[in-house]
Amino acid sequence: MQLGLNPDYALESRKSAQALGAPDKFEKGLTTNKVATSFSNSSYTPMSYTSFPCPMHNPGLNHYCFKKNEFETDKLLRHEKQQESASEKNKKLLCRFCKNHITNSDEAISIEGAYTHTFSNPAGYVYTINCYQTAPGCLVAGERTNEFTWFKNYDWQIAFCNSCQEQSGWLFSNENAFYALIADRLLQDT
């Protein structure tokens, strides 16, 4: 086997030499174009990419192939996705009129198989609503009624922003309760 044609052999040789405190004979040649490395207490851990001469090209030319360290890259991508989804889940939803905190996006729930619904009231106004388990920024007013209810077996009451008193939506309740908040009356906090 010719040294440099097998990238795994070159990496193992480099790790062994460094662990023994030997000079880095691979610094020139096999890994001259490494993108990033990380050092811990006593071990060498390549991150992202390691370069090595590519056996598919003429060895006399400066062609390099890059081998991705999949463990480190996948770990970083997974961490970024977790942070992104955590921040997305905890986004505050604010009143469009006064910016009062109404609820959080992670409070969204599915009612009758959907999170978003579009209904019209008897006066002909059309509302697109999103359903939430809680809405601490709302005050509920009026008596419960099931007249013209949008959700079978649920009574409803009007829900207002507890800061500016603009209507935010409705509280629907039976043994359980949920808020149906008017989509265009909420803003997502940035």
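Since every read-out is calculated from the coordinates, none of them should be taken as a lab result. For clarity, every value in this text was computed on a predicted model and none was experimentally measured. Cβ placement follows ideal geometry from the backbone for every residue including glycine, while neighbour counts extend to all protein chains displayed.
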Measure off 7 Å from each Cα along the Cα-to-Cβ vector at residue 183 and residue 145, then give the distance between these two points in nanometres to one decimal. 2.6
For region 104-190, listing trypsin sites (Lys or Arg not before Pro) in a DSSP loop whose Cβ sees at most 10 other Cβ atoms within 10 Å gives 152
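Which of 148, 172, 160, 119 has the fewest other C-beta atoms within 10 Å, and how do the rest follow up to the most?
Working: 148 10, 172 24, 160 18, 119 14.
So the ranking, lowest neighbour count to highest, is 148, 119, 160, 172.
When averaged across all projection directions, what area in nm² does the alpha-carbon convex hull of region 90-188 cover?
5.9
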Assuming R0 = 45 Å, can you tell me the calculated FRET efficiency for the pair residue 101 and residue 152, based on Cβ-Cβ distance, to the nearest 0.05? 0.90
Relative contact order [Cα under 8 Å, 6+ residues apart], region 90-188, whole percent: 29
